[in-house]
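The values are calculated or read from the model by the stated rules, or taken from the named source; none is laboratory data. All figures in this text were calculated on a predicted structure; none of them were measured in a lab. Cβ: placed from backbone, ideal geometry, glycine included. Neighbour counts: every protein chain shown. What goes into the accessible areas is simple: the full protein's heavy atoms, side chains included, and nothing from ligands, DNA or RNA. Shrake-Rupley method; radii C 1.70, N 1.55, O 1.52, S 1.80 Å.
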Amino acid sequence: MESEVKVIPEQKLGVINYKGPIADLDILISKLMGWVDAEEIETEGEPFIVYFSPRHEVNQGDAVYDVSIAIKEDADEKDMIRVVDMIEHKVLSGKHFGPTDSILETYAKLVDVAQENHYDIIGSPKEVLVKNFFNCDDENEYVTEIQLPIIEM
C-alpha cells in the first residue's frame with residue numbers, strides 16, 4: 001500500500017451528523033447528494049465519512065459518524081444537512097481497493113506507517129468514497145481513500 005502525507009485545505013462542508021447503523025449509509029449519501037443536486041451546489045471532491053465510533057465496531061450496531069462533501073460556496077441548510085467550516089489539517093492518506101470487508105487491514109498498514117514515521121494520529125478517521133456503492137456496481141472495483149489526521153512528532 002502506498003501512503004502519503006497531505007494537507008487538506010480549509011473547506012466548507014455539507015454534513016449529516018448521524019448515530020445509527022452503518023447500513024443507513026446509502027440513504028444518507030442519497031440525501032446529501034440529492035441536496036447537492038436540488039440546490040445546484042458545486043462540490044469539491046467525493047463524499048466522505050468521518051467515523052467517531054471505532055471503525056471495527058461500525059458493523060456491530062449503532063455507529064456515530066458524519067457523512068459529508070466539500071462544497072465551493074455557502075449553501076442553505078436543509079433538514080438534517082448542516083453547513084460547516086473545516087480548518088486546514090494534515091493527514092496520512094492511503095487507498096483501500098475492493099470491498100470494505102478487509103478495510104481494517106489497510107488501516108493497520110497506515111497505523112504502521114504512522115508509527116514508523118513518528119506521526120501522532122490526532123483525530124477520527126475519514127474515508128473518502130472515491131469509487132463506491134453510489135457510483136460503482138462492482139465491490140471489487142471500489143476505491144476508498146483512508147485519511148488519518150496527524151501531527152509530525
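In whole percent, how big is the carbon plus sulfur part of the accessible area of region 4-43, probe 1.4 Å, protein atoms only?
Carbon plus sulfur share of accessible area: 47 percent.
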*asked:* Taking the Cα centroid of region 96-110 and of region 25-70, what is the distance between the two, rounded to the nearest whole Å?
replied: 19 Å
_Over the chain, what is the relative contact order in percent, taking alpha-carbon pairs closer than 8 angstrom and at least six residues apart?_
30 percent
_Using the Karplus curve 6.51 cos²θ - 1.76 cosθ + 1.60 with θ = phi - 60°, what ³J(HN,Hα) values do you get for each residue of region 93-110, in whole Hz, with x for Gly and Pro?_
10, x, 9, 9, 10, x, x, 7, 4, 10, 5, 5, 5, 5, 4, 4, 5, 5
_Simple label model, 7 Å out from Cα along Cβ direction - Ala23 to Met80, nm_ = 1.5 nm
_Suppose each label sits 7 Å from its Cα in the direction of the beta carbon; what would the Ile121-Met153 distance come out to in nanometres?_
1.3 nm
*Taking 0.36 nm per intervening residue step and subtracting the Cα-Cα distance, what contour gain separates Phe52 from Phe133 on full extension?*
27.0 nm
*May I ask which residue of Ser53, Met86, Asn140 lies farthest towards the positive end of the charge dipole of the chain, with charges of +1 (Lys, Arg) and -1 (Asp, Glu) on Cβ and the Cα centre as origin?*
Ser53
*May I ask you to list the aspartates and glutamates whose Cα is less than 19 Å away from that of Lys109, ignoring any residue fewer than eight positions away on the same chain?*
Glu2, Glu4, Glu57, Asp101, Asp120, Glu127, Glu145, Glu152
*Along the charge dipole of the chain, Cβ charges K/R +1 and D/E -1, which of Val128, Val64, Met1 sits furthest on the positive end?*
Val64
*P(r) of the chain in 10 Å steps, Cα pairs, percent per bin?*
11, 40, 37, 11, 1
*Heavy-atom accessible area per residue, the chain, 1.4 Å probe: how many Å²?*
56 Å²
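Can you pick out the pairs among Lys31/Lys78; Lys19/Lys78; Lys19/Lys131; Lys31/Lys72 whose Cα atoms lie more than 22 Å from each other?
Correct reply: Lys19/Lys131.
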*Which cross-chain or sequence-distant (5 or more) residues have an amide H under 5 Å from the amide H of Tyr142, H modelled 1.01 Å from N in plane?*
Gly98
_Quick check for you: which residues of region 115-130 have the amide N under 19 Å from the point 7 Å beyond the Cα of Glu105 toward its beta carbon?_
none
*Rounding to the nearest 20 debye, state how big the charge dipole of the chain is about its Cα centre with +1 on each Lys and Arg Cβ and -1 on each Asp and Glu Cβ.*
360 debye
*Enumerate the calculated ³J(HN,Hα) couplings along region 72-85 in order (Karplus 6.51 cos²θ - 1.76 cosθ + 1.60, θ = phi - 60°), each rounded to whole Hz, writing x wherever the residue is Gly or Pro.*
6, 9, 4, 9, 6, 6, 8, 6, 9, 9, 10, 10, 9, 9
*5 angstrom amide H check on Phe52, placed H, neighbours 5+ away*: Val64, Tyr65, Asp66
